[in-house]
1. Being surrounded by fewer than 19 Cβ atoms within 10 Å (Cβ to Cβ), modelled with pLDDT under 90 and touching a helix residue (DSSP H, G or I) at 6+ places or on another chain (Cβ under 7 Å) is true for just one of 334, 329. Which residue is that?
2. Residue 316 fails exactly one of the following numbered conditions: (1) modelled with pLDDT under 90; (2) closer than 30 Å to residue 133 by Cβ. What is the number of that condition?
3. Identify, from the list 210, 187, 178, 195, the residue that is within 30 Å of residue 232 (Cα to Cα) and within 28 Å of the chain's Cα centre (by Cα).
4. If a residue has to be outside any helix (DSSP H, G or I), touching a residue at least 12 places away in the same chain (Cβ under 8 Å) and under 21 Å from residue 303 (Cβ atoms) to count, how many in the stretch 342-365 make the cut?
5. Could you list, in sequence order, all residues of the stretch 454-464 that are buried (at least 22 other Cβ atoms within 10 Å of the Cβ) and in a helix (DSSP H, G or I)?
6. Considering 193, 178, 165, which residue is surrounded by fewer than 18 Cβ atoms within 10 Å (Cβ to Cβ) and either in contact with a helix residue (DSSP H, G or I) (Cβ under 9 Å, 6 or more places away or on another chain) or not assigned by TED's automatic domain parsing to the domain that holds residue 336 (or both)?
7. Would you say residue 439 is buried (at least 16 other Cβ atoms within 10 Å of the Cβ) and assigned to a helix (DSSP H, G or I)?
8. Residue under question is residue 252, and the condition is that it be within 25 Å of the chain's Cα centre (by Cα), surrounded by 14 or more Cβ atoms within 10 Å (Cβ to Cβ), modelled with pLDDT under 95 and in the same structural domain as residue 269 (by TED's automatic domain parsing); does it hold?
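The values are calculated or read from the model by the stated rules, or taken from the named source; none is laboratory data. Computed from a prediction, not measured in an experiment: that's the story for all the values here. Cβ atoms come from the backbone with ideal geometry, glycine included; neighbour counts cover every protein chain shown.
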């Protein structure tokens, strides 16, 4: 008995020889910097958050509410809790399984058998038996099966945490974009209403001129057509507002409701001074990159699990308790029973199942590696693309601003020229159309400029 206990102790102390090397992040080959015209500031980036960029109070409140109430995010948080339980389940392999047994029964042996005849002679026509015992079963983690299973489960837990970050990142970007869209559409409605008022006044003027024979009826009909076409733009804008508000309601986990928002797209508070990260910081910041890496960590550990099945497994079973035919003597030293069994099992033939599982785990690790490498490339390219588009959007916006200023000055001049007879009404209508289109484009370019700021922040994986 003493030798058996010594053998078990040695096995337990010397367990968990892992069959795979500890995970190390692969060399991604990510460049040390972005393009020459993109300067990075590591220190400033570390302190950068969405709140320092999206400074509009109403937008911040809406984002905070969406993060608190979004059901996709709540579901992802519950998956974290589920994954924690999977880690606990994996770690249970480190400990023995212990069960308590309480049994009692009675039975009669045939008197035509030696045992039955002997029992009958002693007055035991019915034999009772009572057991109270503890049973222990334990598989020694000789080859790191439990250790690697635990590592894989922990990696999946971390992945779920990064999934939450990714969903939160999408919620922030989507809420901000839809909020900006609503403000943009409201500004465009203002522009259209102002244009409608001008067209209504001009239509009235043309109608009076037509009465006095100064213009023909064709000019009046054309003015009416232009007025109705401009009015038709309002319900189209309203449709877009309804769509954006519905998207915000869904993101915030609420039924359709009105949204409190700013009223001037040009006064909307958004900080465009975004310090860029260094490319290597994306490996620690982008949720999708971190998710892909956790898949790689998990698949690497699963290779160790699959490999462990090639080697023998050591199991230890022990049982102890009390057994008696008389329940009154169940707790008695003479009723004590005990046994300890150790077993070593080496797989010999499993129809190539073990080898197939091992090869499959190696393939899965390579798949995870390729996906991780691709996620790093995607992250790097996203930052370059979003930042360069942002820079171009500023140029577009500046040019539309100048275009609007010139068109508005031309509009002021055209009114006097028309009244003086230097231009006809068709020319005047053309100028109105140009001014309206330029105004709407200017508002849209301001919107695009702000949304590109959001895209840069999203590409760098900022959190709230």
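1. On the way: 334 fails: touching a helix residue (DSSP H, G or I) at 6+ places or on another chain (Cβ under 7 Å).
Going through 334, 329 in turn, just one is surrounded by fewer than 19 Cβ atoms within 10 Å (Cβ to Cβ), modelled with pLDDT under 90 and touching a helix residue (DSSP H, G or I) at 6+ places or on another chain (Cβ under 7 Å): 329.
2. (1)
3. Going through 210, 187, 178, 195 in turn, just one is within 30 Å of residue 232 (Cα to Cα) and within 28 Å of the chain's Cα centre (by Cα): 178.
4. Qualifying residue count for the region: 2.
5. Answer for the stretch 454-464, where residues must be buried (at least 22 other Cβ atoms within 10 Å of the Cβ) and in a helix (DSSP H, G or I): 454, 456, 457, 459.
6. Just a single option satisfies the conditions, and that option is 193.
7. Considered against the rule, which asks whether it is buried (at least 16 other Cβ atoms within 10 Å of the Cβ) and assigned to a helix (DSSP H, G or I), residue 439 comes out as yes.
8. Numbers: within 25 Å of the chain's Cα centre (by Cα): yes; surrounded by 14 or more Cβ atoms within 10 Å (Cβ to Cβ): yes; modelled with pLDDT under 95: yes; in the same structural domain as residue 269 (by TED's automatic domain parsing): yes.
Yes, satisfied.
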